[in-house]
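Novice: This is the structure, below, for whatever I ask next.
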Amino acid sequence: MKPILVLALGVGAGLLSGMFGVGGGILIVPILMYGLRLSPHEAVGTSLAALLLPVGFLGALQYYRNGYIHIGYAALLAAGLFVGAYWGARLSISLQGTILERLFGGVLIAAGLWMIFRR
């Protein structure tokens, strides 16, 4: 069941990345930490590994050298990001600018509030 959830997380993060141009980390890291109970180091390292080619090679290398990357989760997240970014971009293009702007603001607020008040 966890692999399916991790893949779905990658798709969701890919959708957000494609729609808003944000790094998937605003969604991936908190869910890996609180939903899958990875340590903060593992969550960040795994997220970076999933985003390896576009953004995180050097950072991920450091986390990998210190044992903070869950390779299986990173691979599933990357597969989901690949699919989700395509569909997120298509969806984003179909929305009016003001709607997209409001959705983006809502995502940022929701992510911030969730991280602040989670515990």
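The values are calculated or read from the model by the stated rules, or taken from the named source; none is laboratory data. No experiment lies behind these values; they were computed from the predicted model shown. Using ideal geometry, Cβ is built from the backbone for each residue, glycine included, and neighbour counts are taken over all protein chains shown.
Novice: Please identify the pairs in which a residue from segment 98-119 that is aromatic (Phe, Trp, Tyr) has its Cβ atom under 9 Å from the Cβ atom of a residue that is modelled with pLDDT under 85, counting only partners at least 6 apart or on another chain.
Specialist: Short answer, once both residue conditions are applied: Phe104/Leu16; Phe104/Met19; Phe104/Phe20; Phe104/Gly21; Phe104/Val22; Trp114/Pro30.
Novice: Within segment 65-89, work out how many residues are touching a residue at least 12 places away in the same chain (Cβ under 8 Å), farther than 11 Å from Leu7 by Cα and part of a helix (DSSP H, G or I). Outline the logic, then answer.
Specialist: Looking only at segment 65-89, we keep the residues that are touching a residue at least 12 places away in the same chain (Cβ under 8 Å), and these are 66, 68-89.
From what is left, the residues that are farther than 11 Å from Leu7 by Cα are 66, 68-71, 85-89.
Next, from what is left, pick out any that are part of a helix (DSSP H, G or I): 71, 85-89.
Residues flagged as touching a residue at least 12 places away in the same chain (Cβ under 8 Å), farther than 11 Å from Leu7 by Cα and part of a helix (DSSP H, G or I) within segment 65-89 amount to 6.
Novice: Let me ask another. Looking only at residues in segment 60-115 that are among the polar types (S, T, N, Q) and within 22 Å of Thr46 (Cα to Cα), which one is surrounded by the most Cβ atoms within 10 Å (Cβ to Cβ)? Write out each step before concluding.
Specialist: Kept after step one, since they are among the polar types (S, T, N, Q), are these residues of segment 60-115: 62, 66, 92, 94, 96, 98.
Those still in the list that are within 22 Å of Thr46 (Cα to Cα) too: 62, 66.
Working: Gln62: 13, Asn66: 10.
Residue satisfying both the conditions and the ranking: Gln62.
Novice: Quick check on my filter: what residues within segment 23-48 are touching a residue at least 40 places away in the same chain (Cβ under 8 Å) and out of contact with any His (no Cβ under 9 Å at 6 or more places or on another chain)?
Specialist: In the first step, residues of segment 23-48 are kept if they are touching a residue at least 40 places away in the same chain (Cβ under 8 Å); the result is 24, 26-28, 30, 32, 34.
Matches in segment 23-48: Gly24, Ile26, Leu27, Ile28, Pro30, Tyr34.
Novice: Go through segment 1-63 and tell me which helices (runs of 4 or more DSSP H), entirely inside it, have 3 or more residues that are modelled with pLDDT of 85 or more.
Specialist: On the way: elements: 2-20, 25-30, 40-50.
Where helices (runs of 4 or more DSSP H) fall fully within segment 1-63 and carry at least 3 residues being modelled with pLDDT of 85 or more, they are 2-20, 40-50.
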